Amino acid sequence: MTTLSPSPTPFKIWFAAIKPPMYTVAIIPIWVGTAVAVAEQQTLNLRIFATFLMAAILIIAWLNLSNDVFDSETGIDQNKVHSLVNLTGNKSLIFSLANLCLLFGLSGIAAIAIWQQDMTLVTLILGCCALGYSYQGPPFRLGYQGLGEPICFLTFGPMALAAAYYSQTQSWQGLFNNPLPFLITSSFIGLSTSIILFCSHFHQVDDDLAAGKRSPIVRLGTQRGATVLNYVTGLMFVGLAIAVSLGYLSTWVLLTFLSLPIAIQLCRHVQRHHNQPQQVSNCKFIAVNLHFLSGLFLGLGLTL
């Protein structure tokens, strides 16, 4: 069952519904993809970077709001006190706000395309939006088949970083000449973003089962899910260390390891409370902290 606390305050409920920390999911891929480009060409187009960031935040707002609407239609959120549809009782309003956010977000991407006289970025972002919709939107609802994490990895990893990179370079030549740094960094961000989604399932197994959602935790069970989390989190950091040791990435990228204590905290917390919904429900916020700080340090290391 999805709960916040025994007696959450209205502020806490609305904070959980609006999900401010989740918007770092929009910021970090743009930051790291731009850092890859800056490391390559030593210049930054600040106007494009700022516009892309705002557009990405608006698109994530569309994704969050529309997912609330789509989940309300399947009944999976009937016990979710911080669903915006449940809070407002107005599904049409939330859906309209979602579509407005999408419109403004895509307008920002279109503005960049007009400045650059190049539609490549629009094509990439439309592809990301299509995958995002397929996660919860009818008739696909691929998240209900347990495919949310692969979609998340692809959309917020390679695709989002490629879009951010191209927005600065308007060329793929650098990636074709030296693809490994991009593949390693985009995989790191894709995995760290997917971990957030993965962790969000631990506390709602009963609701997922009732709605017919075959999330990875429903399929694996909470104990094996906690073990998978340990391996995937470890793989992220081991991969970076190997890349640095082989000279594919600068030693400055080891700054990312400053976020390792949060990774350890996350894994230990889930391992200890994986089958206790009330205690494990906050693990996705630890995962958000890990995603933000590791991505922040990774981008910093790339630019240095």
Backbone N under 17 Å from the Leu126 label point (7 Å along Cα→Cβ), restricted to the range 88-117: 102-117
GNM result for the chain, Cα springs below 10 Å: residue of Asp68, Asp207, Asp118 fluctuating most strongly: Asp118
Nearest-0.05 FRET efficiency for Val228 and Ser250, computed from C-beta distance (R0 22 Å): 0.15
Protein accessible area in the chain, 1.4 Å probe - carbon and sulfur %: 67 percent
Most fluctuating residue given options Gln278, Gln42, Gln145, as computed from a GNM of the chain linking Cα atoms under 10 Å: Gln42
Options Cys128, Leu65, Ile76, ranked by Cα towards positive dipole end of the chain, top entry (Cβ charges): Ile76
Extension gain from Leu220 to Leu258, taking 0.36 nm per residue of separation minus the Cα-Cα distance: 10.6 nm
Cα centre as origin, Lys/Arg/Asp/Glu Cβ charges: the range 12-152 dipole, Debye: 280 debye
Solvent-accessible heavy-atom area per residue, rounded to whole Å², over the chain at 1.4 Å: 44 Å²
The chain - mean residue ellipticity at 222 nm from DSSP helices (-39,500 (n - 2.57) per run, n ≥ 4, rounded to 500): -23500 deg cm²/dmol
Net charge of neighbours whose Cβ lies under 14 Å from the Cβ of Ser194, counting Lys and Arg as +1 and Asp and Glu as -1: 0
Partners for Lys91 among aspartates and glutamates (Cα-Cα distance below 17 Å; same-chain residues under 8 apart left out): Asp68, Asp71, Glu73, Asp77
Area of Thr88 that stays accessible when all protein chains are in place (1.4 Å probe, Å², to 10): 60 Å²
Heavy-atom accessible area ranking, 1.4 Å probe, most first, across Phe198, Phe176, Phe95: Phe176, Phe95, Phe198
Surface accessible to a 1.4 Å probe, Trp115 within the full protein complex, Å²: 110 Å²
Angle between the chain longest axis and helix 24-41 axis [Cα atoms, degrees, rounded to 10]: 10 degrees
Separation between Cα centres of the range 196-261 and the range 139-182, rounded to whole Å: 18 Å
Net dipole in debye of the chain [+1 Lys, Arg Cβ; -1 Asp, Glu Cβ; about Cα centre; nearest 20]: 420 debye
Accessible-area order (highest first, 1.4 angstrom probe) of the listed residues Tyr248, Tyr144, Tyr133: Tyr248, Tyr133, Tyr144
Among Asn289, Asn64, Asn45: highest mean-square fluctuation, GNM of the chain, C-alpha pairs under 10 Å: Asn45
Solvent-accessible area of Met236 with every protein chain in place, 1.4 Å probe, in Å² to the nearest 10: 10 Å²
Within-14-Å neighbourhood charge of Gly221 [Cβ basis; K, R +1; D, E -1]: +1
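The values are calculated or read from the model by the stated rules, or taken from the named source; none is laboratory data. For clarity, every value in this text was computed on a predicted model and none was experimentally measured. For neighbour counting, all protein chains shown are included, and Cβ atoms are generated from backbone atoms with ideal geometry for every residue, glycine included. Just the protein is used for accessible areas: all its heavy atoms, side chains included, with ligands, DNA and RNA removed. Shrake-Rupley method; radii C 1.70, N 1.55, O 1.52, S 1.80 Å.
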